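The values are calculated or read from the model by the stated rules, or taken from the named source; none is laboratory data. All values reported here derive from a predicted model rather than from experimental measurement. All Cβ positions, even for glycine, are placed from backbone atoms using ideal geometry, and neighbour counts span all protein chains on display.
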Amino acid sequence: MIDAGFAEQLESQRGNLLRFARLQLRNETWAEDAVSETLLAALERPQSFAGRSQLSTWLVGILKHKIVDQLRRRSREEPLLWELEPDREEVIEFTADGHFAHPPADWGDPEASLREGQFLKVMEACVSELPAQMGRVFLMREWLELESDEICKELAITATNLWVLLHRARLRLRACLEIKWFDHAVP
Amino acid sequence: MKLRYTCKEAVDVMVAGEDRVLTRGERLVLWMHLCVCRACPRFQRQLVLMRQAMRRWREQASEE
């Protein structure tokens, strides 16, 4: 006997869950599938929520599992979609003798930035702008907190692929933050 | 083994250090470079902020 109130509460979380699923999966269909499976699983086991502090926390936990399922399934079913995009662009410019062409700016007190709600939104926007496979790998590490060998296994990529993707992701994020958030920083 | 890093090499090592354990040699040569370079310590602090920011984002994602 499904509790209509509970079902409504779950439904109200759909938008939030979709946001994370999109960011991680980088594909609208896969994201919608992951979220639907999450809400269905939650609806089928309301008793496993009993006593937990927050609905969103519980749902995000289920979502992460469903997302890993999606990643595993899709990378096997549709391998061509997972081709690593060529990414030759030099993210940081160096001179011929290895100095910065444009020295890094002083980003000031980290706490000050982290206190601003807008900062994490900008961070999220920068993550969403990473090339698809790079973004997936980055969030598998930084959000799903999977180990390297797990990521390599689920996406059928080599460890070298993984290091290169993570390395470039971090450089790109830094560059994006510098433009979108710190463009007023002291040079 | 390289005994001195350019900023380009130091950046490579600092970014690599986010995802693997640096060797003793890498840590030592990096530290020596950071002692004499004005730019790279700033870069290092930027990496630290990004790490803290992702942790905060990750925590908030479960709380919303």
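Tallying residues that are surrounded by fewer than 18 Cβ atoms within 10 Å (Cβ to Cβ) and without any contact (Cβ under 8 Å) to a residue 24 or more places away in the chain within the stretch B:18-30 yields 8.
A:Val164 - would you say it is assigned to a helix (DSSP H, G or I), surrounded by fewer than 20 Cβ atoms within 10 Å (Cβ to Cβ) and more than 13 Å from chain B (Cβ to nearest Cβ)?
Details: assigned to a helix (DSSP H, G or I): yes; surrounded by fewer than 20 Cβ atoms within 10 Å (Cβ to Cβ): yes; more than 13 Å from chain B (Cβ to nearest Cβ): no.
No.
Inspect the stretch A:99-114 for any residue being outside the structural domain of A:Thr57 (by TED's automatic domain parsing), over 20 Å from B:Val13 (Cβ atoms), in a helix (DSSP H, G or I) and among the small types (Gly, Ala, Ser) and give the result as yes or no. So far as the stretch A:99-114 goes, yes, one or more of its residues are outside the structural domain of A:Thr57 (by TED's automatic domain parsing), over 20 Å from B:Val13 (Cβ atoms), in a helix (DSSP H, G or I) and among the small types (Gly, Ala, Ser). Please verify whether the stretch A:106-124 includes one or more residues that are touching a residue at least 40 places away in the same chain (Cβ under 8 Å), closer than 18 Å to B:Met50 by Cβ and small (Gly, Ala, Ser). The answer is yes; a qualifying residue exists. Only a single item in (1) within 12 Å of chain B (Cβ to nearest Cβ); (2) in a helix (DSSP H, G or I); (3) at pLDDT 95 or above is not met by A:Glu145, and it is number (2).
Could we say that A:Ala96 is in the same structural domain as A:Leu162 (by TED's automatic domain parsing), over 23 Å from the mean Cα position of the chain (by Cα) and hydrophobic (A, V, I, L, M, F, W, C) here? Working first, answer last.
Values: in the same structural domain as A:Leu162 (by TED's automatic domain parsing): yes; over 23 Å from the mean Cα position of the chain (by Cα): yes; hydrophobic (A, V, I, L, M, F, W, C): yes.
Yes, satisfied.
Conditions tested, residue by residue: (1) buried (at least 16 other Cβ atoms within 10 Å of the Cβ); (2) within 14 Å of the chain's Cα centre (by Cα); (3) under 21 Å from A:Ser128 (Cα atoms); (4) at pLDDT below 90.
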| site | (1), (2), (3), (4) |
| --- | --- |
| A:Ile2 | no, no, no, yes |
| A:Phe6 | no, no, no, yes |
| A:Gln13 | yes, no, yes, no |
| A:Arg26 | yes, yes, yes, no |
| A:Thr29 | no, no, yes, no |
| A:Ala42 | yes, no, no, no |
| A:Pro46 | no, no, no, yes |
| A:Ala50 | no, no, no, yes |
| A:Ile67 | yes, yes, yes, no |
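Among the criteria (1) at the interface with chain B (Cβ under 10 Å from one of its Cβ atoms); (2) at pLDDT 90 or above; (3) surrounded by fewer than 17 Cβ atoms within 10 Å (Cβ to Cβ); (4) in a helix (DSSP H, G or I), the one A:Leu139 does not fulfil is (3).
The condition of being exposed (fewer than 14 other Cβ atoms within 10 Å of the Cβ) and in a helix (DSSP H, G or I) holds for only one of A:Ala175, A:Ala96, that being A:Ala175.
If only residues of the stretch A:115-136 that are in a helix (DSSP H, G or I) and out of contact with any helix residue (DSSP H, G or I) (no Cβ under 8 Å at 6 or more places or on another chain) are counted, the one that is nearest to B:Arg38 (Cα to Cα) is A:Arg115. With respect to (1) over 22 Å from A:Phe138 (Cβ atoms); (2) touching a helix residue (DSSP H, G or I) at 6+ places or on another chain (Cβ under 6 Å), the lone exception for B:Met32 is condition (2).
B:His33 meets all of the listed conditions (1) more than 11 Å from chain A (Cβ to nearest Cβ); (2) farther than 25 Å from A:Ala112 by Cβ; (3) within 13 Å of the chain's Cα centre (by Cα) but one, namely (1).
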